[in-house]
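Heads up, the thing below is written out as structure tokens.
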Amino acid sequence: MAKPSLLEPSFADALSAIEQSTDLSPQKRSQWASALRQIGKALDKPMETLPARWTSARFNVGRLHHAAVGANAKTLANQKSNVKAALCWFCNERDVAPRGVPFVAAWATLRESIDDSGCKRRLSGLMRYCSGCGIEPAAVDDATLDAYFVYRSQTTSLSTNLAARRSIARAWNVCVGHSAVWPQRKLAEPALQSADGPGWNDFPPNLQKDIDAYLASLQKIRKGTNGKRYRPCSASTIKTRRAELWAVARKAVRIGTPIGRLNSLAALVHPDVAGPVLDAYWRDNGDEPKIFTIELASKLLGLARYLRLDQEAIDRLEDYRAALEEHRQGGLTEKNLAVVRKVLTPGVWRSVVNLPGQLMRDARANLSYAPIKAALTAQIAVAISILCFAPIRLGNLGTIRMDQNLIKPGGPKSPFWLSFPHYDVKNRVSLDFTFDDELTALIDEYIHQYRPHLIRGANSDFLFPGVSGGPKTASMFSGQITDRIEEVAGLRLTVHQFRHAAAAIYLRHNPGAYEVVKRLLGHRNMQTTINFYCGLETVQATQQFGKMIRGQMTFEEEVA
């Protein structure tokens, strides 16, 4: 089925109607027309492809951020308001259906036959699409649904994932079975993910006991099979490990392993059980296994060695691990790559590094009448400044202690150093950062003018104190930093992603300088740095190639 063009009036139609209207004042025509053009430009789509309904446009328009658009916040807010007013006027003036394409008679009759409001709501979009395309109810099939989802993805912000398709197909099929006037052809329903399986208490007690004992051992200093001593795992790591083992057990039962056979941890990780589980996860993933499946194979192999399974079993698990490792892809995840692309876009990172200065101005303005609010604002400003100059992990950021981690080796008038001994760093690598005079002055101002309002009389030496005198809660602090950056700069940047940003920025100016990035981020192994960031060299290469081609074009023009 051919992909149709927009089935309803567009931004372009609304603009034309506004410009030709004799009922609107010249000022309003000018304001609305300008707002439609600017918002259409900000959405980066031809105006002919944007539906001229506020109910359709409001989600995408609402997501626009003034920093990304290149306007100040007030200007963008005015443009959004004018677009809403223009589209509401246009819909009323031209009798545009508020929810999309009007129903033709056959579809209107069919819709009225639906008693269930949920089915009616889920099927309305498909019905309006078919009305606009001239598709009769009896002609609807899976190809029609395919075409509708293509149209839906290009002209709306509605979900187009597997769950959305199943919801619509299922609603259609419910109507087939409950309405005498409904076409009798059913639509294919994508399969749901199978149930999670039995609960924890349904498994044999010995397996539960073994897993509890293993997890308890992770909370102590322990020695690996290679003789290396390992520090205790964090509570979050133990929680994750428990969830992984439970997932393996449930997966084993779902693919046919009798639950009674899983009577020990050794039975669970034996290749006769673990191997089919890994195969099942791989099949679920598709042609390429996900990182969870790859990592799971390594963890099960390590657990088998810990439990001292026989060598033949360990060799079989090693074969599974090796086969999956061949599909491991180095570099950043797509989510982190998306952040890096934004960071490397001209102007974006500048807005981040300039944000602390803006926040401190706000804090100074609020200090006299809202000291707690001002202190929290200054706290976030200092945290962002530190992350820009010292891309440390969240665990270290939140637990910075004055006179221990944040020090002035040269005396009170010297610049700050930020120092972490190896035993306080995740991968046991000592970290030292020197701060310049400007950052030192910013931190000093926070410590002397704002921090006293946050410690509330407690004798706390944490740079970022919490309400109880201890360090600020990591998750809360991280969220506040991320939200404030997004609010002002339009970039959703987590504390950890400052590390990726730092590496990307340094490598952009110093291609191939992995040793410096390794030291900056505190990696133990150079290969870790290369594996993560070697893909950024492609960005530099394409930029250089583009400049070369552009230079050649300029040269040809000059010669001509």
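Listing for the model above:
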{"quantity": "Column: log10 I(q)/I(0), Debye, Cα scatterers of the chain, q = 0.05, 0.08 Å⁻¹", "calculated": "-0.34, -0.86"}
{"quantity": "Relative contact order for the stretch 105-178, counting Cα pairs under 8 Å that sit 6 or more residues apart, in percent", "calculated": "37"}
{"quantity": "Separation between Cα centres of the stretch 20-67 and the stretch 437-484, rounded to whole Å", "calculated": "43"}
{"quantity": "Positive-end residue of Asn525, Gly62, Trp282, charge dipole of the chain with Cβ unit charges", "calculated": "Asn525"}
{"quantity": "Computed over the stretch 271-333, Kirkwood Rh from alpha-carbon pairs, angstrom", "calculated": "11.9"}
{"quantity": "Those lysines that a straight Cα-Cα span of less than 24 Å connects to Lys373, excepting residues fewer than 8 apart in one chain", "calculated": "Lys74, Lys472"}
{"quantity": "The stretch 46-62 - phi-based ³J(HN,Hα) in whole Hz, Karplus 6.51/-1.76/1.60, Gly and Pro as x", "calculated": "x, 4, 5, 9, 9, x, 8, 10, 5, 4, 8, 7, 5, 5, 5, 5, x"}
{"quantity": "P(r), alpha carbons of the stretch 373-441 - 10 Å bins starting at zero, rounded %", "calculated": "19, 53, 26, 2"}
{"quantity": "Cα pair count fraction exceeding 18 Å, expressed as % - the stretch 11-93", "calculated": "34"}
{"quantity": "Relative contact order (%) - the stretch 277-410, alpha-carbon pairs under 8 angstrom, separation at least six", "calculated": "14"}
{"quantity": "Considering only the chain, percent of DSSP beta bridges that pair antiparallel, nearest 5", "calculated": "90"}
{"quantity": "Space enclosed by the convex hull of the alpha-carbon atoms of the stretch 219-332, per residue, Å³", "calculated": "126"}
{"quantity": "Lysines with Cα under 24 Å of Lys220, excluding same-chain neighbours fewer than 8 positions away", "calculated": "Lys209, Lys228, Lys239, Lys299, Lys426"}
{"quantity": "At q = 0.16, 0.27 Å⁻¹, base-10 log of I(q)/I(0) for the stretch 105-178 (Debye sum, equal scatterers on each alpha carbon)", "calculated": "-0.53, -1.56"}
{"quantity": "For Arg401, residues with placed amide H under 5 Å, excluding near neighbours", "calculated": "Leu406, Leu463"}
{"quantity": "Cross-link pairs beyond the 19 Å C-alpha cut-off, checked among Lys80/Lys342; Lys41/Lys84; Lys251/Lys290; Lys28/Lys80; Lys84/Lys120", "calculated": "Lys80/Lys342; Lys84/Lys120"}
{"quantity": "For peptides 440-451, 464-475, sequence by mean Cβ density within 10 Å, most packed first", "calculated": "440-451, 464-475"}
{"quantity": "If the convex hull is drawn through the Cα atoms of the stretch 246-294, its volume per residue in Å³", "calculated": "70"}
{"quantity": "Karplus (6.51, -1.76, 1.60) ³J(HN,Hα), θ = phi - 60°, over the stretch 321-332, in Hz, Gly and Pro reported as x", "calculated": "4, 5, 5, 6, 4, 4, 9, 5, 9, x, x, 7"}
{"quantity": "Relative contact order (%) - criterion: Cα under 8 Å, at least six apart; region: the stretch 54-192", "calculated": "22"}
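Values in this text are rule-based calculations from the coordinates and carry no lab data. Note that the structure is predicted; figures quoted are calculated from it, not measured. Please note: Cβ atoms are built from the backbone with ideal geometry, for glycine as well, and neighbour counts cover all protein chains shown.
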